[in-house]
Amino acid sequence: MRKKIVLAYSGGLDTSVCLKWLESEFNYDVIAYIADVGQPLDHKALEKRAMATGAVKVYIDDLKKEFAEDFIFPSLKANAVYESGYLLATALSRPLIASRLVKAAGKESAEGVAHGCTGKGNDQVRFELAISALAGDLKVIAPVRKWKLKSREDEISYAKRHNIPLEVTKDKLYSIDMNLWGTSVECGILEDPWVEPPRDTYITTKHPADTPKSPVYHEIYFEGGIPTRLDGKSYSAVNLIDRLNKAAGNHGVGRSDLVENRLVGIKSREIYEAPAATVLYAAHRALEALVLDRELLHFKEGVSLKYAELIYYGLWYSPLREALDRFIEYTQKKVTGSVRVKLYKGSAVVCGRKSPYSLYDKKLATYGDEDTFDQSMAEGFIKIWGLPYEMQKSKFKNQNLKKKVKGKK
């Protein structure tokens with residue numbers, strides 16, 4: 001009786017070749033696990049492809065709701081963005097998928113799990129750290145790190161020799177990962193950071209030149225840091241994100257061309273699309289600016305950077321991430337209110353915000369007749385604020401004076 005292994009299967013080039021390789025080279029009964037985290041999926045076609053490639057069984061789980069509520073929204077509340085351009089769509093999905101791989105392996109009494117990540121990418125770390133945290137004794141195989149196929153062209157040739165059905169060609173070597181929160185594209189011509197991405201690189205966003213001639217406005221209502229209503233209507237987490245993806249993508253919002261620092265120590269060029277995420281991050285930050293005091297807001301910016309790093313580095317299941325969640329939850333208690341965003345020609349601009357917990361006082365901020373700010377207090381404030389520097393300057397002058405007097409003697 002052959003041993004079983006559960007493979008994280010997407011139906012793309014890497015995982016398709018992995019499936020056949022595990023079955024033929026390692027003599028495994030391969031169980032293909034497909035996680036639906038919001039990517040376009042033809043369930044029947046994907047199951048048929050997996051079975052035709054050699055899988056003995058296929059799991060397809062709809063994880064969109066859990067992904068949105070338990071992974072996306074915590075990162076949104078944290079304002080987690082890696083290196084100012086990556087909203088972590090792929091990175092956020094990996095710990096969730098890993099947890100379901102572990103569950104499937106237990107159910108099937110499988111010897112281990114496998115993934116199709118490369119040996120110089122980030123996803124291998126994210127999968128394996130999550131699996132280790134959840135089931136440390138479970139065997140993990142990464143075929144791409146073991147086989148002798150040196151390139152995606154080699155993988156395509158292998159697939160053709162073994163009659164593996166594929167959509168990728170040697171003329172279009174993009175590696176694409178999509179989910180509810182965003183899309184990442186790499187490889188092929190994009191590996192030259194000087195080359196402008198061709199139009200066909202982008203999948204979910206229109207080119208700004210092709211977007212509507214007039215702007216559109218959307219009002220997003222947050223409750224405790226979580227978006228719950230769009231244009232006055234309540235939606236589930238998945239539906240709200242999906243609607244914003246379509247609306248913002250139609251206006252070319254959410255594109256990012258980033259040369260980023262991978263965890264393994266190399267730089268890579270990535271193309272990202274995150275229409276809904278871009279809009280929601282802008283709106284959430286604007287609302288926080290309205291309701292959080294200065295010290296809390298500034299301190300949270302440092303936490304946001306660390307939170308993004310933990311996600312990017314595969315440390316979702318870590319004590320620090322759990323501890324930071326408790327801090328972030330506290331900051332979100334009053335992040336309730338509405339934000340109006342204008343979508344136009346590739347931009348998402350916040351143009352209005354209101355909240356019952358707003359710390360903005362127009363009578364203090366205005367320069368009009370309603371002004372209640374006592375400007376005469378500013379002189380004393382400035383003197384006290386600058387006192388340490390005035391003393392430092394005075395002391396420095398006295399020291400120089402003593403040196404001059406001593407020099408004359």
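Computed from the coordinates by the stated procedures, all read-outs in this text should not be read as laboratory data. Remember, it's a predicted structure, so these values are computed and weren't measured experimentally. All Cβ positions, glycine included, derive from the backbone under ideal geometry; neighbour counts span all protein chains shown.
Tabulated data
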read-out: Peptides ranked, highest mean first, by Cβ atoms within 10 Å: ranges 275-287, 185-197; value: 275-287, 185-197
read-out: Paramagnetic reach from Thr372 in the range 277-305 [backbone N under 19 Å; point 7 Å along Cα→Cβ]; value: 291
read-out: Relative exposure of Ser394, Ser347, judged by other C-beta atoms within 10 Å (fewest first); value: Ser394, Ser347
read-out: Counting DSSP beta bridges with both ends in the chain, the antiparallel % (nearest 5); value: 70
read-out: Cβ-defined net charge surrounding Glu25, 12 Å radius [Lys, Arg +1; Asp, Glu -1]; value: +2
read-out: Among Thr331, Cys187, Ser376 - extreme Cα towards positive end, dipole of the chain, charges at beta-carbon; value: Ser376
read-out: Charge tally in the Cβ shell below 12 Å around Ala289, where Lys, Arg are +1 and Asp, Glu are -1, Ala289 excluded; value: +1
read-out: Lys/Arg +1, Asp/Glu -1 at C-beta; the chain dipole; positive extreme among Leu138, Val349, Ala308; value: Ala308
read-out: Stretch gain in nm, segment Ser318-Val259, where the contour uses 0.36 nm per residue and the Cα spacing is subtracted; value: 18.5 nm
read-out: Size of charge dipole - the range 1-63 - debye, nearest 20, with Cβ of Lys, Arg +1 and Asp, Glu -1, no other charges; value: 280
read-out: Residues Val140, Val102, sorted so that the one with the fewest Cβ neighbours within 10 Å comes first; value: Val140, Val102
read-out: Dipole axis of the chain (+1 Lys, Arg; -1 Asp, Glu on Cβ), positive-most option in Gly85, Ile271, Tyr59; value: Gly85
read-out: Sequence ranges 234-243, 86-95, ranked by mean other-Cβ count within 10 angstrom, highest first; value: 86-95, 234-243
read-out: Entries of Lys107/Lys246; Lys213/Lys362; Lys246/Lys334; Lys57/Lys146 with Cα pairs more than 31 Å apart; value: Lys107/Lys246; Lys213/Lys362
read-out: Theoretical gain in end-to-end length, Lys213 to Phe26 [0.36 nm per residue, Cα-Cα removed]; value: 61.6 nm
read-out: Spin-label model distance (nm) - Val303 vs Ser157, 7 Å beyond Cα toward Cβ; value: 5.3
read-out: Unit charges on C-beta of K, R, D, E only; dipole of the range 102-249, Debye; value: 280
read-out: The range 323-389, relative contact order in percent, only Cα pairs under 8 angstrom and at least six apart counted; value: 18
read-out: Gained length - Glu191 relative to Glu295, 0.36 nm times residue gap less alpha-carbon distance; value: 33.3 nm
read-out: Positive minus negative residues near Leu280 (Lys, Arg vs Asp, Glu; Cβ under 13 Å); value: +1
read-out: Relative contact order (%) - the chain, alpha-carbon pairs under 8 angstrom, separation at least six; value: 17
read-out: Lys, Arg +1 and Asp, Glu -1 on Cβ, resulting dipole of the range 178-364 about Cα centre, debye, nearest 20; value: 860
read-out: Mean Cα-pair separation over length for the range 178-364, i.e. relative contact order, pairs under 8 Å, 6 or more apart, %; value: 29
read-out: Ranked packing of 51-60, 112-121, 376-385, most packed first, by mean Cβ within 10 Å; value: 112-121, 51-60, 376-385
